[in-house]
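**Q** Okay, here's the structure, questions in a sec.
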């Protein structure tokens with residue numbers, strides 16, 4: 001029975017990894033447009049940028065736009081680490097983008113060590129991970145900023161969205177995406193005493209902009 005259960009768990013992890021890989025490839029055309037929005041909010045060219053979670057990749061677009069001086073991806077679950085190592089090589093960013101094994105608590109990320117934190121897909125997949133707003137805030141440097149949430153962003157053209165929208169919705173559903181409200185996000189922020197340090201953006205998705 002134990003062996004059967006372990007095989008079932010392994011199968012679910014393999015399926016999730018396959019879905020994440022397809023979704024990340026599908027979203028590559030969106031990255032430059034979302035990166036533009038993040039660059040606008042960040043307003044800097046220096047600093048350390050950290051992206052986290054299984055839906056990373058915006059960091060590659062930011063590195064190509066010369067936004068940031070150093071770059072890390074805190075990848076989780078563990079199974080996605082090889083995917084990001086492969087992407088680093090594909091984009092020729094070896095030595096610039098560091099891949100580390102992480103989790104939503106960011107326990108291996110130093111306090112105040114991050115100038116820009118990015119967590120795409122953060123709010124919508126409770127079966128995969130829980131968002132730890134207080135953990136993200138802890139890692140931010142003075143005047144650091146975090147971009148947390150999901151959506152196509154305000155600059156992505158409708159014709160680009162239409163090319164991937166249907167398949168993206170199917171993949172999201174397969175991974176257990178849930179619908180949430182702005183008020184439920186506010187409740188989470190309030191419970192972490194972070195409501196006054198945040199702005200919620202609903203243009204182009206649902207995003208929390210957290211500032212220290």
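The values are calculated or read from the model by the stated rules, or taken from the named source; none is laboratory data. Small disclaimer: the values here were computed from a predicted structure and weren't measured. Note that each Cβ is placed from the backbone with ideal geometry, even for glycine, and that neighbours are counted across all protein chains shown.
**Q** Would it be correct to say that residue 51 is more than 23 Å from residue 143 (Cβ to Cβ), crowded, with 20+ Cβ neighbours inside 10 Å and either in contact (Cβ under 8 Å) with a residue 12 or more places away in the chain or out of contact with any helix residue (DSSP H, G or I) (no Cβ under 7 Å at 6 or more places or on another chain) (or both)?
**A** For residue 51, the condition - more than 23 Å from residue 143 (Cβ to Cβ), crowded, with 20+ Cβ neighbours inside 10 Å and either in contact (Cβ under 8 Å) with a residue 12 or more places away in the chain or out of contact with any helix residue (DSSP H, G or I) (no Cβ under 7 Å at 6 or more places or on another chain) (or both) - is not met.
Table: residues versus (1) loosely packed, with under 13 Cβ neighbours inside 10 Å; (2) farther than 26 Å from residue 144 by Cα; (3) modelled with pLDDT of 95 or more.
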| position | (1), (2), (3) |
| --- | --- |
| 16 | no, yes, no |
| 20 | no, yes, no |
| 43 | yes, no, yes |
| 90 | yes, yes, no |
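**Q** Let me ask you something else. (1) within 23 Å of residue 19 (Cα to Cα); (2) crowded, with 18+ Cβ neighbours inside 10 Å: which one isn't true of residue 100, the others all being true?
**A** Here residue 100 clears every test but (2).
**Q** When you scan the range 91-168 for strands (runs of 3 or more DSSP E) that lie fully inside it, which ones turn up with 2 or more residues that are in contact (Cβ under 8 Å) with a residue 12 or more places away in the chain and out of contact with any helix residue (DSSP H, G or I) (no Cβ under 9 Å at 6 or more places or on another chain)?
**A** Working: elements: 97-101, 114-120, 140-150.
Qualifying strands (runs of 3 or more DSSP E): 140-150.
**Q** Yes or no: the range 190-200 includes at least one residue that is under 22 Å from residue 60 (Cα atoms) and at pLDDT 95 or above.
**A** Taking every residue of the range 190-200 in turn, none turns out to be under 22 Å from residue 60 (Cα atoms) and at pLDDT 95 or above.
**Q** Looking only at the range 61-82, count every residue that is over 23 Å from residue 156 (Cα atoms) and surrounded by fewer than 19 Cβ atoms within 10 Å (Cβ to Cβ) and tell me the total.
**A** 7
**Q** Just need a number here: residues in the range 44-68 that are within 21 Å of residue 21 (Cα to Cα) and assigned to a strand (DSSP E or B).
**A** Number satisfying all stated conditions: 3.
**Q** Kindly check whether there is at least one residue in the range 29-36 that is crowded, with 18+ Cβ neighbours inside 10 Å, modelled with pLDDT of 95 or more and in contact with a strand residue (DSSP E or B) (Cβ under 8 Å, 6 or more places away or on another chain).
**A** Yes, the range 29-36 contains a residue that is crowded, with 18+ Cβ neighbours inside 10 Å, modelled with pLDDT of 95 or more and in contact with a strand residue (DSSP E or B) (Cβ under 8 Å, 6 or more places away or on another chain).
**Q** Within the range 69-88, take every residue that is modelled with pLDDT under 95 and in a loop (DSSP other than H, G, I, E, B) and give me the one that is nearest to residue 133 (Cα to Cα).
**A** Applying the filter and picking the extreme gives 76.
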